[in-house]
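Q: Have a look at the structure that comes next, please.
The values are calculated or read from the model by the stated rules, or taken from the named source; none is laboratory data. Since this is a predicted model, take the numbers as computed values, not measurements. No Cβ is skipped: glycine too gets one built from the backbone with ideal geometry, and neighbour counts run over all protein chains shown. For the accessible areas, the whole protein counts, side chains as well, though only heavy atoms, and no ligand, DNA or RNA atoms are used. Shrake-Rupley method; radii C 1.70, N 1.55, O 1.52, S 1.80 Å.
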Amino acid sequence: PGECVTTVVPGWPRGGRVFVNASGLSQASPLVVELVDDFDRPIPGYCGADAARITSDGLRRPVAWRGRRSELTPEGRPFALRIRSS
């Protein structure tokens, strides 16, 4: 089990895609990826019930947040990734 928070990414004008490399994942032990702002506050639509859950191993796995029509990050908004494993 663990958690890390990345440095703040300045944000991309049209949003961007996030990818992860991960192993040892399963339905019972997913990698949970959330977006937080530069004050470590959750960004609505990218945290909690909407967090991305990656459950299978792989290289360059796209991160997709629940309930979103695209895998893009918020347009032009700075963010950090909060990544948790169990």
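Q: Please work out which residue is surrounded by the fewest Cβ atoms within 10 Å (Cβ to Cβ), limiting yourself to segment 64-86 and to residues that are charged (D, E, K, R) and part of a loop (DSSP other than H, G, I, E, B). Give the steps one after another, and end with the answer.
A: In the first step, residues of segment 64-86 are kept if they are charged (D, E, K, R); the result is 66, 68-69, 71, 75, 77, 82, 84.
Add one more test, that the residue is part of a loop (DSSP other than H, G, I, E, B), and what stays is 66, 68-69, 71, 75, 77.
Numbers: Arg66: 12, Arg68: 13, Arg69: 5, Glu71: 15, Glu75: 11, Arg77: 16.
Of everything passing the filter in segment 64-86, Arg69 is surrounded by the fewest Cβ atoms within 10 Å (Cβ to Cβ).
Q: Still on this structure, please answer the following. Does any residue of segment 1-15 turn out to be free of Cβ contacts under 8 Å to residues at least 60 places away in the same chain and under 16 Å from Trp65 (Cα atoms)?
A: Restricting attention to segment 1-15, the residues satisfying the condition of being free of Cβ contacts under 8 Å to residues at least 60 places away in the same chain are none.
Taking every residue of segment 1-15 in turn, none turns out to be free of Cβ contacts under 8 Å to residues at least 60 places away in the same chain and under 16 Å from Trp65 (Cα atoms).
Q: Scan Arg17, Arg53, Arg61 and give me the residue that is assigned to a loop (DSSP other than H, G, I, E, B) and among the charged types (D, E, K, R). Quick ask: steps written out before the conclusion?
A: Details: Arg53 fails: assigned to a loop (DSSP other than H, G, I, E, B); Arg61 fails: assigned to a loop (DSSP other than H, G, I, E, B).
Among Arg17, Arg53, Arg61, only Arg17 is assigned to a loop (DSSP other than H, G, I, E, B) and among the charged types (D, E, K, R).
Q: State yes or no: is Gly45 closer than 15 Å to Arg82 by Cα, part of a loop (DSSP other than H, G, I, E, B) and open to solvent by less than 90 Å² (accessible area, probe 1.4 Å)? Full working, then the answer.
A: Working: closer than 15 Å to Arg82 by Cα: yes; part of a loop (DSSP other than H, G, I, E, B): yes; open to solvent by less than 90 Å² (accessible area, probe 1.4 Å): yes.
In short, yes.
Q: Among the residues of segment 50-63, write down those that are of a type in the set (A, V, I, L, M) and open to solvent by 80 Å² or more (accessible area, probe 1.4 Å). Can you show your working first?
A: Looking only at segment 50-63, we keep the residues that are of a type in the set (A, V, I, L, M), and these are 51-52, 54, 59, 63.
If the condition is that a residue be of a type in the set (A, V, I, L, M) and open to solvent by 80 Å² or more (accessible area, probe 1.4 Å), then Leu59 is the only one that fits.
Q: Cβ contacts < 6 Å: first residue more than 14 Å from Arg84 (Cα to Cα), restricted to segment 48-62; second residue acidic (Asp, Glu) and at pLDDT below 95, any location; separation 6+ or different chain. Result?
A: As it stands, the answer is Pro62/Glu71, since those pairs meet every condition given.
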